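**Student:** Structure in structure tokens, see below.
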Amino acid sequence: MSVNGARGEASLKIDDVELVIAATMSGLAAVSTRLECKSFQELFMRLSGVEAAAVLAGIELLTIKGDRLAAIQKLKLKHFKDCAAAFNTALAHHFDGDEGNAEAVDETAN
């Protein structure tokens, strides 16, 4: 499954289910609301800290490609490290410079 790093996408594999995760603002708002986070820092800590409720919400609400429900059904504690890595990659996009934005705009325009 193709991943566009310039858009902050990250790959995640739960057994044989491949997903693409992206920390879109609407997705982050939905996760934050579900988890009742009071700040972005709390949201970041819960997603990167592999809290069970945060991992489930993250997979459900931040997946942009792949079968999120199949992934949730196959999810085990052994997958949490990979989930944290994918969430961190997607979240890091918001802290990077704007160099990737020009690529994303060009790709969308073409």
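The values are calculated or read from the model by the stated rules, or taken from the named source; none is laboratory data. Treat the numbers as computed from the prediction; the structure is a model and nothing was measured. Don't worry about glycine lacking a Cβ; one is built from the backbone with ideal geometry, like all the others, and counts go over all protein chains shown.
**Student:** Take the residues in the stretch 1-37 that are outside any strand (DSSP E or B), of a type in the set (S, T, N, Q) and surrounded by 13 or more Cβ atoms within 10 Å (Cβ to Cβ), then tell me which one is modelled with the highest pLDDT.
**Tutor:** Keep residues of the stretch 1-37 that are outside any strand (DSSP E or B), which gives 1-8, 15-16, 23-37.
Adding the requirement that they be of a type in the set (S, T, N, Q) leaves 2, 4, 24, 26, 32-33.
Add one more test, that the residue is surrounded by 13 or more Cβ atoms within 10 Å (Cβ to Cβ), and what stays is 4, 24, 32.
On the way: 4: 89, 24: 92, 32: 95.
Here the answer is 32.
**Student:** Mind listing whichever residues of the stretch 38-60 are part of a helix (DSSP H, G or I), without any contact (Cβ under 8 Å) to a residue 40 or more places away in the chain and surrounded by fewer than 20 Cβ atoms within 10 Å (Cβ to Cβ)? Quick ask: steps written out before the conclusion?
**Tutor:** Narrowing the stretch 38-60 to residues part of a helix (DSSP H, G or I): 40-48, 52-60.
Filter again for without any contact (Cβ under 8 Å) to a residue 40 or more places away in the chain, leaving 40-43, 45-46, 52-58, 60.
Those that are part of a helix (DSSP H, G or I), without any contact (Cβ under 8 Å) to a residue 40 or more places away in the chain and surrounded by fewer than 20 Cβ atoms within 10 Å (Cβ to Cβ): 40, 41, 42, 45, 52, 53, 56, 60.
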